[in-house]
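Quick notes on the structure that follows.
The values are calculated or read from the model by the stated rules, or taken from the named source; none is laboratory data. Just so it is clear, the model here is predicted, and its values are computed rather than measured. Reconstructed Cβ throughout: ideal geometry from the backbone, glycine too, with neighbour counts over all protein chains shown.
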Amino acid sequence: MIIGVASGKGGTGKTTVAVSLALASAECGSGRPLLLDCDVEEPNAGLFLDLSFTGAEQTGISIPVIDADKCTACGKCASVCAWNALAVAAGEVMNFPELCHGCGSCSLVCPRDAISQGTHVTGTIETGRTDNIDFARGTLNVGESMPVPVISSLLASCLTGHREGITVIDCSPGTSCPMVEAVSACDYVILVTEPTPFGLHDLRAASNVVVGQLGLPAGVLINKSGPEDGTVEDFCREQELPIIGRIPLDRRIAESLSEGIPLVEAMPGYGDLFRDLLEISSRSVKK
Amino acid sequence: MKQLAVLSGKGGTGKTSVSASLIHMASREMELVMADADVDAANLDLLLNGKILEEHAYTGGFRAEIDPALCSGCGRCHEVCRFGAVRCWDSGACSIDGIRCEGCNACVHQCPETAISSRRRQAGTWFRSSTQYGDLFHAEMLAGEENSGKLVSLIRKSAQESGVSNGSGLLLLDGPPGIGCPVIASCNGADLVLVVTEPGISAIHDLKRVLGTAAHFNVPSAVCVNRFDINPSRAVEIEDFCNDSGIPFLGRIPYDDTVPESISRGMPFTEYRPGSPASIALENIWKELSKII
C-alpha cells in the first residue's frame, strides 16, 4: 500500500507526518516500510532520520544532440518544438537545453537523422536506510526549473514491481504538476492542513485535485489544531471528507522539529495517532 | 519602480503574512502594486481583501486530442509519447490522458492518419483587484493544471505594466515555496529577493537552496528570520551564515500570537496590532529593506 502525504499549502506538516508515519509503521512489525521524499525542490525528510546512504545516481531529461555534419538547418526540428528550445539562425541550429522538456519530437521529424539524444542532468536520486526503514529521495539541482522528471524517475526506480508492506510518499506542496505526479502513484492520500483561512483555502484546492480529479480515497489531518478547527470541520462535512486525526498547536512540537527530531520520537504518545492513520489508510484502500 | 520578490524555500515560514505587512507599511510611503505568484495556493488576497476589477482566462500549454473517427488504432502515438499520456485500449482505439499530456505535440506530428489535434485550453483565471494598498494581480489555477511558471510570468508582467503606468515605486511579489519553475519566474527581473525563513533545520536547508537559485539568476538577496525564538540558537546560525556569505541579514521576528489572529481576521499584522512585538520587528526590517532595495 502506498500512502501519500500532501497539502495545498506549504509548511502544514507534511514531512512531520510522513516521517512519523514511516517510523510508526516500522514498529508495527509489518516489514520495513519505504519512505520516498518526492518534494524534490526542498527534500527535507532525510534530515529527520539517521540515514546511511547506499546509492546515488544522477537523473535528467533527454535533450537533442545535433550532428553538424548531417544537419542542413532545414528547421523542421525547430518548427515542431513546443518549447522554443531549438531555433535556426545563420544557417545553424541553436539548442537551448534549459527550455527542453525532453519529448524527442525533434529527432522524430529530422529528415537527415541528425538528432540523437543526450542527457541534461537535472537532479539526483539517492537511496538509503536506517535501522528499520528504507528511504529514497530525489533532489532537483539548484537553478533547474522542472521537478517532475526527477519525481517520475524516483517513482520509477523505487516503485517498479510489487512491493510488500507500506510505502509513504512525502509530496510537494501545491496543486500543480509536481504534486499531481507524486499523488497519482498513491493508493490513499492524507491531506494535511491547518485551521487558518490559508489552510482551508489550500485544502479546498488540494482536495479538488486528489478527490475530485484523481478520484483517490483521502482523509484530512488537522495539524496545529485548536479552537479554530470549526471551519475545516464544516468544509470536510460538506465534502464528505473524513477527518482522520489531529495534532494540536504546541510550541514544544515546533521546537523538537526545528532540531530534526521526529514527532513520534520527541513525544512517543503520538504513536497511537500514526498507528490509527495506518489502519484507516489500509481500511480505506480495501473498500 | 523597484521589484521585491518574497520567497522562502520551505513552505509555511510566513511569506504571505510578512508580504501583506510590508505592503501595508510601504503603502504609507508610496504608490505600489502587488502580485501573488504562489498561484497554486494564492492566499495574499485573503489578507488584502481586494475587490475584483478585471478577470481574464489564462490558457496554458497544449493538450492533444484524438479524433476517434479518424484513429486507426496503429499505436504510433503511444510509441512516441514519453510522458505515458497515451492509452491504447483493447478495442483498438487510443485516447489521451489530459493530466499526463505535456503538450509537446510529438504525437500530433507523428500520427499517420492526422487524427490528433492539439489545442490550448483554459488552465486558470487571473485577476486584477483593487485593494486599499494598491492593485493586486493574482490568479486561480484549475485543479491539477501545470505550467504555473508561465502564469507567474504573466501576472508579474501585468503588475509591472500597471505599476509603471500609475507611477508605483514598488512591485511586491509574494512568491511560491520551492526552487522550481514558478520560483525562477518570480526571481526573474526582481531587484531583490527577500527570503523569509525559520530557525529550524528544514528551513535552513531550504534557505540555502533558494539563495542559490537567486544567485544562479544573478538576483541579490536578503534574509529575515520569522518566529526566531522557537529556536534562538538556530536563528543565530542563520545570521552567522548570512554574515559569512555576504548576504544582508535584516532582522528577526518573534513568535507572536497576534500574527495568527490577524490572519483569522484577514488583515496584515502590522495593521491589526501596530505595537505588537512582531509588528515592531517588521517595522525595523522594512527600514533596513528600504535602504538596500
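Looking at B:H205, B:H138, just one residue is in contact with a helix residue (DSSP H, G or I) (Cβ under 7 Å, 6 or more places away or on another chain), within 14 Å of chain A (Cβ to nearest Cβ) and over 21 Å from B:F241 (Cα atoms), and that residue is B:H138. Between B:G61, B:G50, the distinction of being over 30 Å from A:E194 (Cβ atoms), in contact (Cβ under 8 Å) with a residue 60 or more places away in the chain, buried (at least 16 other Cβ atoms within 10 Å of the Cβ) and not acidic (D, E) belongs to B:G61 only.
Suppose the filter is facing another protein chain (nearest Cβ under 10 Å) and not in a strand (DSSP E or B); does B:D229 pass it? Steps first, please.
Details: facing another protein chain (nearest Cβ under 10 Å): yes; not in a strand (DSSP E or B): yes.
So B:D229 passes the test.
Pick out, from the range A:242-287, the helices (runs of 4 or more DSSP H) lying fully within it that include 2 or more residues that are away from chain B (no Cβ under 14 Å) and over 23 Å from the mean Cα position of the chain (by Cα). It would help to see each step written out before you state the result.
Values: elements: A:251-258, A:263-266, A:271-286.
Helices (runs of 4 or more DSSP H) meeting the threshold: A:271-286.
On the given criteria, is B:R156 touching a strand residue (DSSP E or B) at 6+ places or on another chain (Cβ under 7 Å), farther than 24 Å from B:I292 by Cβ and more than 8 Å from every other protein chain (Cβ to nearest Cβ)?
Details: touching a strand residue (DSSP E or B) at 6+ places or on another chain (Cβ under 7 Å): yes; farther than 24 Å from B:I292 by Cβ: no; more than 8 Å from every other protein chain (Cβ to nearest Cβ): yes.
When the stated conditions are applied, B:R156 does not pass them.
Taken over the range B:218-236, the residue count meeting the criterion of being out of contact with any strand residue (DSSP E or B) (no Cβ under 9 Å at 6 or more places or on another chain), β-branched (V, I, T) and either under 29 Å from B:A185 (Cα atoms) or surrounded by fewer than 17 Cβ atoms within 10 Å (Cβ to Cβ) (or both) is 1.
Filter the range A:75-103 down to the residues that are touching a residue at least 12 places away in the same chain (Cβ under 8 Å), over 25 Å from the mean Cα position of the chain (by Cα) and part of a loop (DSSP other than H, G, I, E, B), then identify the one that is nearest to the other protein chains (Cβ to nearest Cβ). Among those that are touching a residue at least 12 places away in the same chain (Cβ under 8 Å), over 25 Å from the mean Cα position of the chain (by Cα) and part of a loop (DSSP other than H, G, I, E, B), it is A:A82.
State yes or no: is B:A5 closer than 23 Å to B:R227 by Cβ, away from chain A (no Cβ under 11 Å) and not in a loop (DSSP other than H, G, I, E, B)? Step through it out loud before you land on a result.
Numbers: closer than 23 Å to B:R227 by Cβ: yes; away from chain A (no Cβ under 11 Å): yes; not in a loop (DSSP other than H, G, I, E, B): yes.
Here the answer is yes, as B:A5 does meet what is asked.
So which of A:S258, A:S284, A:S225 ends up being of a type in the set (G, A, S), farther than 17 Å from A:A22 by Cα and touching a helix residue (DSSP H, G or I) at 6+ places or on another chain (Cβ under 6 Å)?
Just one listed residue meets the conditions, A:S258.
When you check B:A93 against the structure, is it hydrophobic (A, V, I, L, M, F, W, C) and under 30 Å from B:T197 (Cβ atoms), yes or no? No, not satisfied.
Given the structure, is B:T131 on the phi > 0 side of the Ramachandran plot and either away from every other protein chain (no Cβ under 11 Å) or in contact (Cβ under 8 Å) with a residue 40 or more places away in the chain (or both)? When the stated conditions are applied, B:T131 does not pass them. Taken together, the residues in the range B:89-98 that are exposed (fewer than 15 other Cβ atoms within 10 Å of the Cβ) and not in a loop (DSSP other than H, G, I, E, B) amount to 0.
From the list A:G174, A:G212, A:G161, the one residue that fits, being modelled with pLDDT under 95 and surrounded by 24 or more Cβ atoms within 10 Å (Cβ to Cβ), is A:G174.
Here is a check on your reading of the model: is A:R237 charged (D, E, K, R) and surrounded by 14 or more Cβ atoms within 10 Å (Cβ to Cβ)? No. Only helices (runs of 4 or more DSSP H) whose full extent lies in the range A:131-231 are considered here, and the ones with at least 1 residues that are acidic (D, E) are A:177-183, A:197-207.
Inside the range A:155-170, residues that are in contact with a helix residue (DSSP H, G or I) (Cβ under 9 Å, 6 or more places away or on another chain) and away from chain B (no Cβ under 12 Å) make up a count of 5. Restricting the range A:14-32 to residues that are surrounded by fewer than 24 Cβ atoms within 10 Å (Cβ to Cβ) and not basic (K, R) leaves a set whose member that is nearest to the other protein chains (Cβ to nearest Cβ) is A:L23.
Screening A:F53, A:F96 for residues that are surrounded by fewer than 20 Cβ atoms within 10 Å (Cβ to Cβ), at pLDDT 95 or above and aromatic (F, W, Y) leaves exactly one candidate, A:F53.
Only one residue in B:G92, B:G61, B:G84, B:G75 is among the small types (G, A, S) and either closer than 30 Å to B:S162 by Cα or within 26 Å of the chain's Cα centre (by Cα) (or both). Which one? Walk me through how you get there before you give the answer.
Numbers: B:G92 fails: either closer than 30 Å to B:S162 by Cα or within 26 Å of the chain's Cα centre (by Cα) (or both); B:G84 fails: either closer than 30 Å to B:S162 by Cα or within 26 Å of the chain's Cα centre (by Cα) (or both); B:G75 fails: either closer than 30 Å to B:S162 by Cα or within 26 Å of the chain's Cα centre (by Cα) (or both).
Being among the small types (G, A, S) and either closer than 30 Å to B:S162 by Cα or within 26 Å of the chain's Cα centre (by Cα) (or both) holds for just one of B:G92, B:G61, B:G84, B:G75, which is B:G61.
Restricting to the range B:39-50, name every residue that is modelled with pLDDT under 95 and either of a type in the set (D, E, K, R) or under 13 Å from B:S17 (Cβ atoms) (or both). Result: B:D40, single match.
Yes or no, residue by residue, for (1) free of Cβ contacts under 8 Å to residues at least 12 places away in the same chain; (2) farther than 12 Å from A:S7 by Cα; (3) facing chain B (nearest Cβ under 8 Å); (4) among the small types (G, A, S):
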{"site": "A:G174", "(1), (2), (3), (4)": "no, no, yes, yes"}
{"site": "A:S184", "(1), (2), (3), (4)": "no, yes, yes, yes"}
{"site": "A:Y188", "(1), (2), (3), (4)": "no, yes, no, no"}
{"site": "A:P195", "(1), (2), (3), (4)": "no, yes, no, no"}
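Out of the residues in the range A:215-228 that are surrounded by 17 or more Cβ atoms within 10 Å (Cβ to Cβ) and farther than 24 Å from A:A185 by Cβ, state the one that is nearest to the other protein chains (Cβ to nearest Cβ).
This residue is A:E228.
Of all the residues in the range B:89-106, those that are over 20 Å from B:M141 (Cα atoms) and facing chain A (nearest Cβ under 9 Å) number 3. Within the range B:255-293, the only residue that satisfies the criterion of being part of a helix (DSSP H, G or I), within 14 Å of chain A (Cβ to nearest Cβ) and closer than 17 Å to B:T197 by Cβ is B:V259. Being within 14 Å of chain A (Cβ to nearest Cβ), of a type in the set (D, E) and either in a loop (DSSP other than H, G, I, E, B) or over 30 Å from B:S262 (Cβ atoms) (or both) is the filter here, so list the residues in the range B:39-88 that pass it. Passing the criteria: B:D40, B:E79. The number of residues in the range A:105-134 being within 14 Å of another protein chain (Cβ to nearest Cβ), farther than 18 Å from A:C38 by Cβ, buried (at least 19 other Cβ atoms within 10 Å of the Cβ) and in contact (Cβ under 8 Å) with a residue 40 or more places away in the chain comes to 2.
I want to confirm something. Restricting to the range B:112-133 and keeping residues that are assigned to a strand (DSSP E or B) and of a type in the set (S, T, Y), which single residue is farthest from the chain's Cα centre (by Cα)?
In this case the residue turns out to be B:S117.
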